Amino acid sequence: MGKRDRVVVVTGASSGIGRACALRFAERVGGLVLVARRAAALEELATECRGRGSEVLVAAVDVTDAEAVDRVAAQAVARFGRVDVWVNNAAVNLYGRTEEVPARLWHRVVQTNLFGTYHGVRAVLPWFREQGGGTLINVSSVLGHTGFPQQSAYAASKHGIRALGDCVRQEVRDVDGISVCTVLPGPVDTPLFRVAGNWTGRRVVPPGQPVPADRVAAAVLRCADRPRREVPVGGASRAGVLAARIAPGLVERAGARVLGRQHFADEATAPTEGNLFEPADFGARVDDGWRSGVDGRRRRGAKALLGAGLLLGAALVSASRAATTSRGRTRWARR
Amino acid sequence: MSTSALVRPTGPELSPLPPGVVLPSVEEHLVTVPAPATWRERAGRRAAESWQLRGLRWGVRSVRPPIVLVHGLGVAARMVAPTARRLAVGGLVLAPDLPGYGRSGKPRPVPRIGELGAALTSWLTTTTAAPAMLVGVSLGSQIVIDVALRNPAAVRALVLVSPIVEPERRSWRRQLWRWQQEQATQSLRLRAIQLDDYRRAGLGRVVRTFSSALAQRPEEKVGRLRMPVLICRGSRDPLVSASWVRQLRARCGGELVTVPGAVHAMSYENPVELSRVVQGFLDRIEGRPAAGEVAGVRA
């Protein structure tokens, strides 16, 4: 596919990673479809994307509405003839103990993140099949591989997104041209932390040093060019995914002790639904300034220490496991 | 459960293809139309004379307006067949060979664009009673514009695919080089079909028809159209510039679609994209909710 030959759909395009993706794709693709709830934010973004040379279709749609997402796909092909890349990125977050957060908020997180992704998948796959190809990119998270205290809805939905992608990848094996990718970012500097629902009573701050959203967007674009099964973004999330695979128990304990403490500031806040039901009236932007703040600098040392500790721990555990199995095998072979 | 219930209303109509659904097969048809008066005058023939128009037909009549696909210069209905086959899932699709081309009769002297349009107007009233949607590809776009102006009541809507020729390029000198560039975007299969059709038509006829096309002023004619118009351009089309289709759109107040990656001979090389765009346009003007304009979705 040559320059500006592709058509791309991005959900959750009004802010954060989705916005960064839209801006990057706008420089390279012929048609761009922007999906989010906030019409005004999308219009403003569309103008910027058109300035970068792409034609833009705007869809002010909530991804929890399956029929509306179907219509977005139908509109996209009616307008551009094709959809080559579909990025399921729209997501919300909710902080609070599992038993304490209101059930309707928990449901809403899964509806937006997991059902929303599912709606995108089912909307675009028939068109992919008809045209004989296409790349589906689902934005999951490191929390698609490991758990996290006070974020059960988010982690469960991100695990679900990864599983959904794995299943669909197996289903579309009959069509060579279709690829399914799962992108796994760690903490990213986006408005997500500020607009999340929060039932913890404390202000949420990103754990460790968040990576810029543009870096995730770059990974999404690489997937669009050269699809891969799973793509962790950044060294920390690569280490996190690896550690969660090698030593899941250890990562769980470390997460509960260290990261759980880091994620919340000593600042009381009232419970909030965040942007779960109504989009926030701020934060229609890529970043939220987390990388430049004092908080970030303070935590950088802690993050490095933590990363090193996780890796060392994981290495120790895997080494001891390997030793056990090899001894076991020897004994079994001798018998 | 009926097979149609397996297909979701907004999904592509061909896929996933439920078991038991058979793609419409192609049939040939032959229509005889009176030769246009201007041509008879030029030919010096007083007596009524008729032209034979052969063509292809897919699908069956449905609530949807019939779709008529008109091919481009030198080629014939085969060139639009891949698109027609897809569109035929929803209703009747017709593609005539223009007089002098393909397997239609070979009137001499070579008819001009207006005469081809007149013949196609009579062909249209003979063939379908319901107002049809006309899709003109390349040179065919000039002919469908002509038909729509001659008999607006018979035309539900117009689609101009890769419309030619723009004012700054209305000379052989400016066309030949670009035409060579366009050839480079064609697949070998299309080139084989093209060679065969050129042989049937004869190079002299192709040259004379194109001379007549160079004298046309489509930008003036589209201003008089009173039906919905869609203009469709492939982003990899060296013959049709983006500014020209924008100018056409401004003149007729229609819609403009640029298909990323599509070439000039879209009806053969990008049939999936073209049929989706045409079907989407038809759904919009017919006010069908399935793929119609959604609240919150706009270009």
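Against the condition modelled with pLDDT of 90 or more, open to solvent by less than 30 Å² (accessible area, probe 1.4 Å), facing chain A (nearest Cβ under 7 Å) and not in a helix (DSSP H, G or I), how does B:Val263 come out, does it pass?
Judged against the criteria, B:Val263 is not a match.
Given the conditions (1) within 23 Å of A:Val220 (Cα to Cα); (2) at pLDDT 95 or above; (3) surrounded by fewer than 24 Cβ atoms within 10 Å (Cβ to Cβ), which single one is not true for A:Thr146?
(2)
Of the residues A:Arg169, A:Arg229, which single one is among the basic types (Lys, Arg), open to solvent by 20 Å² or more (accessible area, probe 1.4 Å), in contact (Cβ under 8 Å) with a residue 60 or more places away in the chain and within 23 Å of A:Ala22 (Cα to Cα)?
Only one candidate qualifies: A:Arg229.
Rundown of residues vs (1) out of contact with any Gly (no Cβ under 8 Å at 6 or more places or on another chain); (2) in a loop (DSSP other than H, G, I, E, B); (3) open to solvent by less than 40 Å² (accessible area, probe 1.4 Å), yes/no style:
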position	(1), (2), (3)
B:Val31	no, no, yes
B:Arg40	yes, no, no
B:Arg45	yes, yes, no
B:Leu56	yes, no, yes
B:Val63	no, yes, no
B:Arg78	no, no, no
B:Val89	no, no, no
B:Val110	no, yes, yes
B:Gly114	yes, no, yes
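Checking the structure you have, find out if any residue of the range A:267-279 is of a type outside the set (A, V, I, L, M), over 30 Å from A:Arg38 (Cα atoms), open to solvent by 50 Å² or more (accessible area, probe 1.4 Å) and over 22 Å from the mean Cα position of the chain (by Cα).
No, every residue in the range A:267-279 fails to be of a type outside the set (A, V, I, L, M), over 30 Å from A:Arg38 (Cα atoms), open to solvent by 50 Å² or more (accessible area, probe 1.4 Å) and over 22 Å from the mean Cα position of the chain (by Cα).
Going by what's in this entry, would B:Arg170 be described as over 16 Å from the mean Cα position of the chain (by Cα), modelled with pLDDT under 90 and over 24 Å from B:Tyr268 (Cα atoms)? Spell out how you get there, then give the answer.
Numbers: over 16 Å from the mean Cα position of the chain (by Cα): yes; modelled with pLDDT under 90: yes; over 24 Å from B:Tyr268 (Cα atoms): yes.
So B:Arg170 passes the test.
If I go through the range A:237-270 residue by residue, how many of them are farther than 13 Å from A:His145 by Cβ and in a helix (DSSP H, G or I)?
To start, the set of residues in the range A:237-270 that are farther than 13 Å from A:His145 by Cβ comprises A:249-250, A:253-254, A:256-270.
Within this subset, residues satisfying the condition of being in a helix (DSSP H, G or I) are A:249-250, A:253-254, A:256-262.
Residues meeting the conditions: 11.
How many of the residues in the range B:237-260 are within 11 Å of another protein chain (Cβ to nearest Cβ) and either open to solvent by 10 Å² or more (accessible area, probe 1.4 Å) or among the small types (Gly, Ala, Ser) (or both)?
In the first step, residues of the range B:237-260 are kept if they are within 11 Å of another protein chain (Cβ to nearest Cβ); the result is B:242, B:255-260.
Subset that is either open to solvent by 10 Å² or more (accessible area, probe 1.4 Å) or among the small types (Gly, Ala, Ser) (or both): B:242, B:255-256, B:258.
The number of residues fulfilling the criteria is 4.
Being open to solvent by less than 20 Å² (accessible area, probe 1.4 Å), farther than 16 Å from B:Ala201 by Cβ, in contact (Cβ under 8 Å) with a residue 40 or more places away in the chain and in contact with a Leu (Cβ under 9 Å, 6 or more places away or on another chain) narrows it down to one residue among B:Leu158, B:Leu149, B:Leu98; which is it? Steps first, please.
Working: B:Leu149 fails: open to solvent by less than 20 Å² (accessible area, probe 1.4 Å); B:Leu98 fails: farther than 16 Å from B:Ala201 by Cβ.
Selected residue: B:Leu158, the only one of B:Leu158, B:Leu149, B:Leu98 that is open to solvent by less than 20 Å² (accessible area, probe 1.4 Å), farther than 16 Å from B:Ala201 by Cβ, in contact (Cβ under 8 Å) with a residue 40 or more places away in the chain and in contact with a Leu (Cβ under 9 Å, 6 or more places away or on another chain).
Consider the range B:175-188. How many of its residues are touching a residue at least 40 places away in the same chain (Cβ under 8 Å), in a helix (DSSP H, G or I) and open to solvent by 20 Å² or more (accessible area, probe 1.4 Å)?
Summing the residues that are touching a residue at least 40 places away in the same chain (Cβ under 8 Å), in a helix (DSSP H, G or I) and open to solvent by 20 Å² or more (accessible area, probe 1.4 Å) in the range B:175-188 gives 3.
So, B:Trp172, is that one closer than 21 Å to B:Met79 by Cβ and open to solvent by 40 Å² or more (accessible area, probe 1.4 Å) or not?
It is false that B:Trp172 is closer than 21 Å to B:Met79 by Cβ and open to solvent by 40 Å² or more (accessible area, probe 1.4 Å).
The values are calculated or read from the model by the stated rules, or taken from the named source; none is laboratory data. These numbers were taken from a predicted model, which means no experiment stands behind them. Every residue, glycine among them, receives a Cβ derived from its backbone with ideal geometry; neighbour counts consider all protein chains shown. Please note that ligands, DNA and RNA were not included when accessible areas were found on the heavy atoms of the full protein model with its side chains. Shrake-Rupley method; radii C 1.70, N 1.55, O 1.52, S 1.80 Å.
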